[in-house]
1. Considering K73, K37, which residue is closer than 30 Å to P158 by Cβ and either in the same structural domain as E122 (by TED's automatic domain parsing) or in a helix (DSSP H, G or I) (or both)?
2. Would you please name the residue that is surrounded by the fewest Cβ atoms within 10 Å (Cβ to Cβ), looking only at residues in the range 55-70 that are in contact with a strand residue (DSSP E or B) (Cβ under 9 Å, 6 or more places away or on another chain) and assigned to a loop (DSSP other than H, G, I, E, B)?
3. How many residues are closer than 21 Å to E122 by Cβ, of a type outside the set (F, W, Y) and in a loop (DSSP other than H, G, I, E, B) if we restrict to the range 76-110?
4. Could you identify the single residue in F56, F68 that is aromatic (F, W, Y), modelled with pLDDT under 90 and either within 30 Å of G157 (Cβ to Cβ) or assigned by TED's automatic domain parsing to the domain that holds L127 (or both)?
5. State the number of residues belonging to the range 15-33 that are more than 20 Å from the chain's Cα centre (by Cα), within 18 Å of T106 (Cβ to Cβ) and in a loop (DSSP other than H, G, I, E, B).
Amino acid sequence: MNDGDEDDAAEFELLESPYDRSGDWYVIHSYAGYENKVRSNLQARIASMGMEERIFEVEIPVEDVTEFKNGKKVTSQKKVFPGYIMVRCYMDDDVWQVVRNTPGVTGFVGLGSKPTSLSRREVESMLQFQTVAHEALRRLKPKVDFEIGETVRVKEGPLADFSGEISEINEDQMKLKVLFNIFGRETPVELEFAQVSKL
């Protein structure tokens with residue numbers, strides 16, 4: 001293992017589970033579409049009422065979603081559980097009042113009026129894709145199977161079924177520059193890894 005691999009491994013180990021932080025995690029209901037506003041309202045109340053020592057974190061579980069729009073790849077964040085917000089705190093009557101009386105909060109998830117704290121598995125499944133897993137995926141780049149000079153075939157788009165020779169490989173952006181013979185001239189075209197296949 002080289003030094004770079006050891007650094008990556010050490011960094012990966014340092015990424016703690018959100019469950020192991022101080023306090024317990026609870027889920028509150030809000031109106032779908034107002035999650036960001038409710039989070040801002042609650043964070044403002046925590047600051048104005050001096051509750052930072054008892055209410056630590058307010059999170060909206062999101063995941064990155066990649067879509068193709070007008071032929072371009074667009075990555076956006078999508079709420080995993082619309083209408084739900086996670087709060088990490090030490091629960092007592094004062095904390096309950098601060099959270100419950102925040103504009104836009106319609107209640108806690110739990111039995112009756114008693115909030116139920118989340119299990120480790122629930123916390124990690126709701127938040128993990130934006131912490132440990134997200135960080136790991138960011139660092140672990142896909143293995144590049146292509147080589148400069150190799151001939152590939154286009155799978156989709158206006159150049160579908162055309163074959164060309166790879167002239168450049170951009171691993172970070174997962175793109176290739178491929179030279180095509182179009183009307184007797186060599187023309188370079190930038191394509192994503194997923195748009196081509198080996199011959």
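1. Numbers: K37 fails: closer than 30 Å to P158 by Cβ.
So the residue among K73, K37 that is closer than 30 Å to P158 by Cβ and either in the same structural domain as E122 (by TED's automatic domain parsing) or in a helix (DSSP H, G or I) (or both) is K73.
2. As a first pass, look at the range 55-70 and keep what is in contact with a strand residue (DSSP E or B) (Cβ under 9 Å, 6 or more places away or on another chain): 55-68.
After this cut, where a residue has to be assigned to a loop (DSSP other than H, G, I, E, B) as well, the list is 60-61.
Numbers: I60: 18, P61: 21.
Among those that are in contact with a strand residue (DSSP E or B) (Cβ under 9 Å, 6 or more places away or on another chain) and assigned to a loop (DSSP other than H, G, I, E, B), it is I60.
3. 5
4. Details: F56 fails: modelled with pLDDT under 90.
The conditions single out F68.
5. 1
The values are calculated or read from the model by the stated rules, or taken from the named source; none is laboratory data. Just so we're clear, the structure is a prediction, and the values are computed from it rather than from any experiment. Here the Cβ is made from the backbone with ideal geometry for all residues, glycine too, and neighbour counts use every protein chain on show.
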